[in-house]
Structures are given as structure tokens and as C-alpha cells.
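The structure appears below as C-alpha cells.
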Amino acid sequence: MDSLEKTFQFVVEGHWKEMPDLAKEALDAGNQSGDILKALVSGMDTVSEEWRVGNMFIPEVLISAKAMHAGMDIIRPHLSAADVKLRGVVVIGTVQGDLHDIGKSLVGMMMEGGGFQVYDLGVDVSAAKFVEAVKEHEPDIVGMSSLLTTTLPFMRDTIRSLEEAGLRDSIKILIGGAPVTPEFAESIGADGYAPDGATAVDMAHELVG
Ligand code: B1M
């Protein structure tokens, strides 16, 4: 098995501790950082699919995502615009008043695995912070997560603030989280809703065309 095949395998099997050395080995062997990224993404694609069909569970997906991240950390400095074409830029956060982190982080990591550059703003992110981050990072997609019915209205507030700041037309808005429904997404003027990380990645690809 060559180091690219091993990279794919290490993501699927979640060998996060061993991944930095393997990624360095893959670079030393003369592999392009873009090919290593493809192996990482492809591993995460497999994990997403296994999760979607019920063959993997959340803890395993998180460990795979951690392995993918460990590899990304090594190759990131080697990725240049000329080397790898990113699929887009995503700003993601859990909305104001909401401290639930796990689903949002998982979605963010899967987006990264799906080839997006992701700026994760963390939890309890106010509308003003989203606006600031959009100005700073000029993303293609803004992703919002909410796990509490009481924090759902902050998604609407954030969209309003983005409209007021004149930024709404330059971005697509994707939302998710346990209490979020497609009907709610439509009612607040979001561009998309995803029930899980794998669908969020697919949806993000559709949104950036
Ligand atoms: Co909280 N909590 N919690 N909690 N908590 C829920 C959400 C709750 C349903 C539990 C219950 O009562 N049955 C309930 C909400 C009820 C409601 O509003 N309808 C609840 C409550 C009430 C609370 C507190 C108010 C409890 C209290 O203090 N009295 C409090 C609120 C704190 C706050 O946020 N201000 C609270 C606190 C906590 C903990 C801190 C203890 C902990 C969070 C730890 C952390 O995140 N670091 C916690 C947890 C763990 C849960 C449950 C048990 C699990 C949530 C989770 O991580 N799921 C949850 C019950 C449940 O959901 N079964 C519960 C796993 C995660 C992978 O799934 O986040 O749904 P999820 O993400 C999914 C999808 O939703 C989707 O993809 C993800 C991957 O599949 N998705 C997106 C998510 N974001 C997306 C964004 C997208 C697209 C898809 O696009 C951008």
C-alpha cells in the first residue's frame, strides 16, 4: 500500500495520532499536497457514506474527522492556490445563545473534508459576529447551526443583519440542527437546509455550483 492509499485508510480507520507522521512521509515521498488532500477527502467521503447508511456511528465519525484534520494540519502550508482549487469558503457557527458544539463542528470538519476552506466561529455567535466574519473572510457559504428551539429565531436575525449590511446577495446560507426543518429554512429565507453532515457537504457543493 503506498502512502496515499494509507492516508485514505488512516482517515477511514481514524488513526489520528499516526496521521501527522504519515502525511509527512507522503510529502517526503514526493506526493503533491493536492493528491494528499484528495486522499484525505476521499477517506472522509467514505466515512460520510458509511455513516449515512448506518455502518458507522458518531464517535467513529468524529475520530475519522480528527484524523483528517491531523493530516490537513501537515499539508495546509503546502497547499497553494496554484496547487489546489478549493471548492469554496465557508463560515460556520452555532447561533447566539446556543452552546451546542458537536454537530456544528462535525459539519465544519466534513465541509473541510469536502474541499472547503472553513472558518469555524464557534458557539454563541451573534448576528454581528457573523456579519463581521463575512466581511473578513468573504465566504461563499454561511452555515448556521441551532440545537435549541429557543435559539432558532437568531437564525432569522442573522439573515436580517446580513441583509441590512448589504452582504446577503454575495453569499448562500445553509442551516441545520435538530429542531431545524426545511419549512423553517424556507420561512426565514435560507438557501438550504441539511439534516446531517454528509447532506450538508452535498448541499454546499450544489450551492456553489
Ligand atoms: Co443540550 N439540549 N442543552 N446539551 N443536548 C438538547 C439539544 C435537547 C434536545 C435535549 C433534550 O431535552 N432532549 C434539548 C433541547 C430542547 C429544545 O430546545 N427543543 C437540550 C437542552 C434543553 C439543553 C439545555 C437548555 C439544558 C439545560 O441547561 N437545562 C442546555 C443549553 C445550553 C445552551 O446551549 N445555552 C444544554 C446543554 C447541553 C450540554 C452542554 C450538556 C451538551 C452540549 C455539549 C457540546 O455541544 N459541547 C448537550 C448535549 C450533548 C445535548 C444532546 C444530548 C446531544 C446534542 C448532540 O451533540 N448531538 C441533545 C439531545 C439530542 O439531540 N438528542 C441536547 C450529536 C450531534 C452530532 O448531532 O448536534 O443534531 P446534532 O448535529 C447534527 C444535525 O443536527 C446536523 O448535522 C449534525 C451531524 O449529523 N446539523 C447541521 C447540525 N448543525 C448543522 C448545520 C448545518 C447542517 C446540518 O449547516 C450549517
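Is there a residue being farther than 15 Å from V90 by Cα, within 17 Å of the chain's Cα centre (by Cα) and assigned by TED's automatic domain parsing to the domain that holds T94 anywhere in region 133-146?
Here is the first cut: in region 133-146, the ones farther than 15 Å from V90 by Cα are 146.
Restricting the remaining residues to those that are within 17 Å of the chain's Cα centre (by Cα) gives 146.
From what is left, the residues that are assigned by TED's automatic domain parsing to the domain that holds T94 are 146.
Yes: one or more hits.
Which residue out of V89, V180, V107 is outside any helix (DSSP H, G or I) and under 30 Å from D35 (Cβ atoms)?
Values: V180 fails: under 30 Å from D35 (Cβ atoms); V107 fails: outside any helix (DSSP H, G or I).
Unique residue meeting the criteria: V89.
Would region 64-85 turn up any residue that is over 11 Å from the mean Cα position of the chain (by Cα) and within 11 Å of the ligand (Cβ to nearest atom)?
No, there is no match, as no residue in region 64-85 is over 11 Å from the mean Cα position of the chain (by Cα) and within 11 Å of the ligand (Cβ to nearest atom).
Take A198 and tell me if it is surrounded by 21 or more Cβ atoms within 10 Å (Cβ to Cβ) and within 13 Å of the ligand (Cβ to nearest atom). Break it down into steps so the answer makes sense when it comes.
Numbers: surrounded by 21 or more Cβ atoms within 10 Å (Cβ to Cβ): yes; within 13 Å of the ligand (Cβ to nearest atom): yes.
Here the answer is yes, as A198 does meet what is asked.
Restricting to region 158-190, name every residue that is surrounded by 14 or more Cβ atoms within 10 Å (Cβ to Cβ), within 11 Å of the ligand (Cβ to nearest atom) and not β-branched (V, I, T).
Within region 158-190, K172, L174, G176, G177, A185, A190 meet the criteria.
Give me the residue from region 96-128 that is away from the ligand (no atom under 12 Å from the Cβ) and hydrophobic (A, V, I, L, M, F, W, C) and, out of that set, nearest to I63 (Cα to Cα).
A127
When you scan region 33-52, do you find a residue that is in a strand (DSSP E or B) and closer than 30 Å to L147 by Cα, even just one?
Of all residues in region 33-52, those in a strand (DSSP E or B) come to none.
The answer is no; no qualifying residue exists.
What are the pairs with Cβ atoms under 7 angstrom where one residue, in region 48-62, is of a type in the set (S, T, Y) and the other, located anywhere, is outside any loop (DSSP other than H, G, I, E, B)? Sequence gap at least six, or different chains.
Correct list of pairs: S48/M110; S48/G197; S48/A198; S48/V201.
Just to verify a result, which residue in region 23-40, among those that are surrounded by fewer than 20 Cβ atoms within 10 Å (Cβ to Cβ) and hydrophobic (A, V, I, L, M, F, W, C), is farthest from S64 (Cα to Cα)?
A29
Count, please, the residues in region 158-183 that happen to be more than 21 Å from D101 (Cα to Cα) and either acidic (D, E) or in contact with a helix residue (DSSP H, G or I) (Cβ under 9 Å, 6 or more places away or on another chain) (or both).
Looking only at that region, the number is 13.
Among the residues of region 13-22 satisfying the criterion of being over 21 Å from the mean Cα position of the chain (by Cα) and part of a helix (DSSP H, G or I), which is surrounded by the most Cβ atoms within 10 Å (Cβ to Cβ)?
Checking each candidate, the answer is L22.
Quick one: M155 ticks every box in (1) in a helix (DSSP H, G or I); (2) more than 11 Å from the ligand (Cβ to nearest atom); (3) buried (at least 20 other Cβ atoms within 10 Å of the Cβ) except a single one, so which number is it?
(2)
The values are calculated or read from the model by the stated rules, or taken from the named source; none is laboratory data. Keep in mind that what you see is a predicted model, and the values were worked out from it rather than measured. Note that each Cβ is placed from the backbone with ideal geometry, even for glycine, and that neighbours are counted across all protein chains shown.
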